[in-house]
Amino acid sequence: MTRDLGLTSARWRVIGAVALSSGGLTVPGIARVLGQSRQAVQRITDAMVTDALLVYVPNPKHKKSMLVQLTDEGKKCYNLLREEQDPWALDATEEISIEDLESSLFVVRRLIKQFDKK
């Protein structure tokens, strides 16, 4: 799905996390969302900044931990991904009822809360 855009799945996940955040995330914030190490996310975001998909901007809440935001090129890439992913996701879940999807989402959110406590 991401091959034509030159993205690995790791880059795709970072773009998605940043795009779905309001105002950007820090690298540690992205790592938490994705369940990955800060170091792994730092390498990916640095490469994506070099490729002009992401940009680091000052964080008013923390002097050293910059916010990561999409560039215009990153937004364009995210929108192209959505055009590809949305029909795929609808097709993949076509035979699953809304109730089952909502129940699954409820369980996943509970698990995330539980894991965040530890």
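We did not get these values from a lab; they are worked out from the coordinates using the rules stated. The model shown is predicted, which means the values in this text are computed figures rather than measured ones. All Cβ positions, even for glycine, are placed from backbone atoms using ideal geometry, and neighbour counts span all protein chains on display.
General remarks:
- Here the calculated FRET efficiency for residue 114 and residue 32, from their Cβ-Cβ distance with R0 = 22 Å, stands at 0.90, rounded to the nearest 0.05.
- Relative to the longest principal axis of the Cα atoms of the chain, the long axis of helix 72-92 makes an angle of roughly 10 degrees.
- Across every pair of non-identical alpha carbons in the chain, the mean reciprocal distance, once inverted, gives a Kirkwood radius of 15.7 Å.
- In this simple spin-label approximation, residue 19 and residue 95 carry label points 7 Å from Cα along the Cα→Cβ vector, and these lie 2.8 nm apart.
- Cut-off under 5 Å, modelled amide H: who pairs with residue 67 long-range: 57, 59
- Net +/- balance of residues flanking residue 82 in space, Cβ distance below 13 Å, scoring K and R +1, D and E -1: -1
- Relative contact order (%) - criterion: Cα under 8 Å, at least six apart; region: the chain: 23
- Shown in residue order for the stretch 64-69 are the 3J(HN,Hα) couplings computed by the Karplus curve 6.51 cos²θ - 1.76 cosθ + 1.60 at θ = phi - 60°: 8, 9, 5, 7, 9, 10 Hz (x for Gly and Pro).
- Lysine pairs in the chain with Cα atoms under 26 Å, if 8 or more residues apart or on separate chains: 8
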